[in-house]
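Read the figures in this text as sums done on the coordinates, not as results from a lab. Please read all numbers here as calculations on a predicted model, not as lab measurements. Cβ sites come from the backbone with ideal geometry, for glycine too, and all protein chains shown count toward neighbours.
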Amino acid sequence: MALPSLLTVVIIYAGLNILAFAVFIGDKLRAKVKMGRISETSLLLLAALGPIGALTAMVGFRHKTRHAKFFLVPGFFFLHVLLVVLLWPQISG
């Protein structure tokens, strides 16, 4: 089985970040109107897969910024950056 192209990986990654952003914003809106919330476990899983979107939503909309568990989200972001830096020579060459 062939590996997916770099473009495919980038599109999937962008989609995961957009999804994470949308779900974090959706949870913030649900909190404002006292509706059922999205579990913190689900939010953290999405943040691990799409940390750019999650972190952008957290900072931009002040959502979950005081919860200790969510201090992991910047860590997920830096882990993703580290993985790209380490894997880039193999990807680009």
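Restricting the trypsin sites (Lys or Arg not before Pro) of the stretch 26-93 to loop positions (DSSP other than H, G, I, E, B) with no more than 14 neighbouring Cβ atoms within 10 Å leaves 34, 37, 62, 66.
In the elastic network of the chain, a GNM with C-alpha springs shorter than 10 Å, the most mobile of 19, 46, 82 is 82.
Counted by Cβ distance under 14 Å from residue 60, the other residues give a net charge of +2, where Lys and Arg count +1 and Asp and Glu count -1. For the chain, the longest principal axis of the alpha carbon atoms and the long axis of helix 72-92 meet at an angle near 10°. Would you mind checking the tilt of helix 51-60 against the longest principal axis of the Cα atoms of the chain, expressed as 0 to 90 degrees and rounded to 10? Approximately 30 degrees, to the nearest 10. Axis angle, to the nearest 10 degrees, between helix 40-49 and the longest C-alpha principal axis of the chain: 20 degrees.
Per q in 0.10 1/Å, what log10 I(q)/I(0) does a Debye calculation on the alpha-carbon atoms of the stretch 1-89 return? Summing over Cα pairs of the stretch 1-89 leads to -0.28.
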